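The values are calculated or read from the model by the stated rules, or taken from the named source; none is laboratory data. The model shown is predicted, which means the values in this text are computed figures rather than measured ones. All Cβ positions, even for glycine, are placed from backbone atoms using ideal geometry, and neighbour counts span all protein chains on display.
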Amino acid sequence: MALTLPRGLDRADRAIATRLGRLGVPALRWSLALVFVWFGLLKPLGASPANELVTRTVYWFDPAWFVPLLGWWEVSIGVCMTIPRLNRLAILLLALQMPGTFLPLVLLPDVCWTHAPWAPTLEGQYIIKNLVLIAAAMAVGGAVRRGR
């Protein structure tokens, strides 16, 4: 059942929705870029609170090279998000990286859950929020053929 709005309110609603439609994908691109560049740079600088989580999760890799590599990978995702022609590459890099971000939920349950799987710790919440990043990347990916 559609909501019927008074004419003046309907005009304003259409204008707002049209504007949000035009600004939404670019806002997602730039916010993804900012998050990936910012959080990515923290890893090679040794300033990321996620460094220990990464180190404990992928213990089979030497963190001396793996953590900085992961950070630069994330910076690459962010930089590619700022350049529309490289958005497909950004999404590919993100798609390759994201599954690994969920590993701690399984490999480190004592770190990620107070009561699995319903009550995540702060670290668990940090990981689960990646679902929003994935959805944002999907929206950006859905716009690449529209020239945005």
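Find all pairs meeting these conditions: Cβ atoms under 8 angstrom apart; at least six residues apart or on different chains; first residue within the stretch 94-108 and closer than 15 Å to MET138 by Cα; second residue among the acidic types (Asp, Glu) and part of a helix (DSSP H, G or I).
Partner pairs satisfying both residue conditions: GLN97/GLU74.
Condition check ((1) touching a residue at least 24 places away in the same chain (Cβ under 8 Å); (2) farther than 30 Å from LEU105 by Cα; (3) touching a Cys at 6+ places or on another chain (Cβ under 9 Å); (4) not β-branched (Val, Ile, Thr)) across all residues:
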residue	(1), (2), (3), (4)
GLY8	no, yes, no, yes
ASP13	no, yes, no, yes
ARG19	no, yes, no, yes
ARG29	yes, no, no, yes
VAL37	yes, no, no, no
GLY40	yes, no, no, yes
VAL54	no, no, no, no
TRP60	no, no, no, yes
PRO63	no, no, no, yes
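Can you say whether PRO26 is modelled with pLDDT of 95 or more, more than 20 Å from GLN125 (Cβ to Cβ) and in contact with a Pro (Cβ under 8 Å, 6 or more places away or on another chain), as far as the supplied structure shows? Reasoning before the result, please.
On the way: modelled with pLDDT of 95 or more: yes; more than 20 Å from GLN125 (Cβ to Cβ): yes; in contact with a Pro (Cβ under 8 Å, 6 or more places away or on another chain): no.
Considered against the rule, which asks whether it is modelled with pLDDT of 95 or more, more than 20 Å from GLN125 (Cβ to Cβ) and in contact with a Pro (Cβ under 8 Å, 6 or more places away or on another chain), PRO26 comes out as no.
Given ALA90, ALA12, ALA17, ALA2, which one is among the small types (Gly, Ala, Ser), surrounded by 15 or more Cβ atoms within 10 Å (Cβ to Cβ) and either touching a helix residue (DSSP H, G or I) at 6+ places or on another chain (Cβ under 8 Å) or within 30 Å of ARG146 (Cβ to Cβ) (or both)?
Details: ALA12 fails: surrounded by 15 or more Cβ atoms within 10 Å (Cβ to Cβ); ALA17 fails: surrounded by 15 or more Cβ atoms within 10 Å (Cβ to Cβ); ALA2 fails: surrounded by 15 or more Cβ atoms within 10 Å (Cβ to Cβ).
Going through ALA90, ALA12, ALA17, ALA2 in turn, the sole match is ALA90.
Is it true that some residue in the stretch 69-88 is of a type in the set (Asp, Glu) and closer than 28 Å to GLY142 by Cα?
The first filter runs over the stretch 69-88 and keeps only residues of a type in the set (Asp, Glu), leaving 74.
With the extra rule that they be closer than 28 Å to GLY142 by Cα, the set shrinks to 74.
There is at least one residue in the stretch 69-88 that is of a type in the set (Asp, Glu) and closer than 28 Å to GLY142 by Cα.
If ARG56 passes every condition in (1) among the basic types (Lys, Arg); (2) surrounded by fewer than 16 Cβ atoms within 10 Å (Cβ to Cβ); (3) closer than 26 Å to ALA143 by Cβ; (4) within 24 Å of the chain's Cα centre (by Cα) but one, which one does it miss?
Here ARG56 meets the rest and fails (3).
What tally of residues in the stretch 124-141 results from selecting those that are among the polar types (S, T, N, Q) and surrounded by 13 or more Cβ atoms within 10 Å (Cβ to Cβ)?
Counting residues in the stretch 124-141 that are among the polar types (S, T, N, Q) and surrounded by 13 or more Cβ atoms within 10 Å (Cβ to Cβ) gives 1.
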